[in-house]
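Before any comments, here is the structure.
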Amino acid sequence: MELTENIPFLQQDARAAVLSQWYDFYAADVLRLCCFYLGSRADGEDAAQETYLKAWRYLDRFQGREACTVKSWLLKIACNVCRDQLRRAWRKHEVVQDDFSTFDQASESDRDLILDVMRLPEKYRAAVLLTYLQRLTLRETADILRVSPSTVSRRLDKAKEMLK
């Protein structure tokens, strides 16, 4: 089944069908990104839900984005939703949670790595999550983060250095 990449102005039923199709294909990716970005399954689920609400609201804007795939567009929305949540005053005092039992039963060494990635500054964490967790190219990651591919590369190098 091929995903609809260019979407003309759609009626409600067609919009629902397109978004449902995208949800079937990308819900796990969006949820995983949001959970790791925010450090909590509950917050990640809220952010993923808000991502699809925004995708519904702005579905017509997706038309005409030549270099943008459905996945990268949804992940860009998800990153923006997560950033907005992290900027809220009540989140600034929250500590990264150590309960990663909801993250696919990660091994003990993986949990340590996940916690270390979660503690990275936001710009490095975003580059790591998009490039390695979501397996996006440097170009796709750069488009989502609105930076150049060389900046993404430098951020990944710096993140690796910080994780050593």
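The values are calculated or read from the model by the stated rules, or taken from the named source; none is laboratory data. What you see is a predicted model; the values in this text were computed from it and never measured. Glycine also receives a Cβ, built like all others from the backbone with ideal geometry; neighbour counts cover every protein chain displayed.
Set side by side, the residues 84, 99, 157 differ, and just one is at pLDDT below 90, among the charged types (D, E, K, R) and loosely packed, with under 15 Cβ neighbours inside 10 Å, which is 99.
Restricting attention to the stretch 115-135, the residues being assigned to a loop (DSSP other than H, G, I, E, B) and over 12 Å from residue 33 (Cβ atoms) number 3. Put simply, of 94, 108 the only residue that is at pLDDT below 85, acidic (Asp, Glu) and surrounded by 11 or more Cβ atoms within 10 Å (Cβ to Cβ) is 94. Looking at the stretch 18-74, which of the residues that are under 17 Å from residue 136 (Cα atoms) and among the aliphatic types (A, V, I, L, M) is surrounded by the most Cβ atoms within 10 Å (Cβ to Cβ)? Checking each candidate, the answer is 74. Restricting 71, 76, 54 to residues that are farther than 18 Å from residue 124 by Cα and under 10 Å from the mean Cα position of the chain (by Cα) narrows the list to 71.
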